[in-house]
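Below is one structure, written out as structure tokens; the observations come after it.
The values are calculated or read from the model by the stated rules, or taken from the named source; none is laboratory data. Nothing here was measured: the structure is a model prediction, and the numbers come from that model. Counting neighbours? That spans all protein chains shown, and the Cβs are built from the backbone with ideal geometry, glycine included.
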Amino acid sequence: MRTAGLRYLFHESPKLLSKREKGRDLSQLKNDLVIRAARGEATPTVPVWLMRQAGRSLPEYRAIRKRGSILDTIQDVQLSAEITLQPVKRYGVDAAILYSDIIVPAFAVGFGIEVVAGKGPVVAEPFKSEEDLKRLRDLEPETDTAYVLETIKVLVEELDIPLIGFAGAPFTVASYLVEGGPSKTYVKTKALMRSNPKLWHKLMKRLARLAISSLESQIKAGATMFQLFDSWVGVLSPAEYREMVAPHTREVFQTLAGLEVPTVHFGVGTGLLLDQIVDTGCTVIGIDDRISLDEAHRITGGKVALQGNLDPVNLVIGHDVALRESKKVLLASASSLGYIFNLGHGVLPESDPQVIKAVVDFVHEYGNEFRRGAAAQE
């Protein structure tokens, strides 16, 4: 890693970037394996990063994390940068993911959403009517989320591996705004979608714009790729996804295609949606642990690179199980030329950092050996 001081923020309008305005020069990276794999290229070792790799499983995270809302920590530039770097230093992963949250844009424009410890995003006045659209003004990243961009600037000076930016997809963010918090049934979300589709589409368009502005600014500040988290979209049927969600997800990816950076779509329970997700415009699909990678490859037809999909529970069970199951994941990934090892969801807080480190080392050392062996037997 390189070290340097804080750089000043740019202060330009958040228009779509021209080629000369694109973000980070990739020649600065000593390790670009994640970028290459995301583009469908063969890599000398299997690259690996883990969702929620910077978080509560790390004792060093718990030692420096601010009391109160995670949003307070995110707004502390130096602290957010340090938290982002912690798993890179400990595990030797091939990419860093920005320490932030998917609800930051909605929070920043003043919708009235907070993150409550032990519960998650909570909205005091949930979205119900056309009037609530006024609470979702356009994001102005250089002022609304300057702390996010400043954190990226710091990290660009420190990192010689890719930095992954991210945003929440329109559906998943909408579910929090409509439900008022996390949900197991999504009754209010589905009720709005089915009883007032016109208002639903207006809400989704507004949230797509928020995601686009946020992601564009992150890339311009120096992030080298991004992931769109549609964590809860798997609760929908394929027909409802096609009509009510896919057009807005596609808008995000296609609007930002001119940035020419790798783009990842991730959701839980999306096995029945993969044939549609592959056509949204992303270049990588993150696969959860409910479907095998070889089956995901069959469904997506090799149109995109794959990322995933170790069950994060294996990191809690222990060393031997985690390595055994990681081998199974690697074997199942053999059909996908562009492949990034990851989890099927985020690192659980009770995970053992030593087990995580062992998995990362195992993937680096043996990943391609298992993939080549499986491919030879096909």
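Scan the stretch 309-319 and give yes if some residue there is in contact with a His (Cβ under 6 Å, 6 or more places away or on another chain), buried (at least 17 other Cβ atoms within 10 Å of the Cβ) and not small (G, A, S), otherwise no. Yes - at least one qualifying residue is present in the stretch 309-319. Checked against (1) under 19 Å from D275 (Cβ atoms); (2) assigned to a loop (DSSP other than H, G, I, E, B); (3) in contact with a Ser or Thr (Cβ under 6 Å, 6 or more places away or on another chain), G302 passes all but a single condition, namely (3).
Does Q354 fit the bill of being touching a Pro at 6+ places or on another chain (Cβ under 8 Å) and without any contact (Cβ under 8 Å) to a residue 60 or more places away in the chain? It is false that Q354 is touching a Pro at 6+ places or on another chain (Cβ under 8 Å) and without any contact (Cβ under 8 Å) to a residue 60 or more places away in the chain.
Could you please let me know if S231 is assigned to a loop (DSSP other than H, G, I, E, B), among the hydroxyl-bearing types (S, T, Y) and crowded, with 16+ Cβ neighbours inside 10 Å? It is true that S231 is assigned to a loop (DSSP other than H, G, I, E, B), among the hydroxyl-bearing types (S, T, Y) and crowded, with 16+ Cβ neighbours inside 10 Å. Would it be correct to say that A4 is at pLDDT 95 or above and of a type in the set (G, A, S)? It is false that A4 is at pLDDT 95 or above and of a type in the set (G, A, S).
Pairs meeting the criteria (first residue in the stretch 35-49 and closer than 14 Å to Q227 by Cβ, second residue surrounded by fewer than 19 Cβ atoms within 10 Å (Cβ to Cβ), beta carbons under 7 Å, at least 6 apart or on different chains) are I35/L26.
Could you please let me know if R290 is touching a residue at least 12 places away in the same chain (Cβ under 8 Å), in a loop (DSSP other than H, G, I, E, B) and over 17 Å from the mean Cα position of the chain (by Cα)? Yes: the conditions hold for R290. Taking the stretch 95-142 as the range and being of a type outside the set (A, V, I, L, M, F, W, C) and assigned to a helix (DSSP H, G or I) as the test, the residues that pass are P105, E130, E131, D132, K134, R135, P141, E142. May I ask you to verify whether S129 is of a type in the set (S, T, Y) and over 25 Å from P349 (Cα atoms)? So S129 passes the test. Cβ separations smaller than 7 Å between residues 6+ apart or across chains give no pair from the stretch 359-370 residues that are within 15 Å of W49 (Cβ to Cβ) and hydrophobic (A, V, I, L, M, F, W, C) to residues that are modelled with pLDDT under 95 and part of a helix (DSSP H, G or I).
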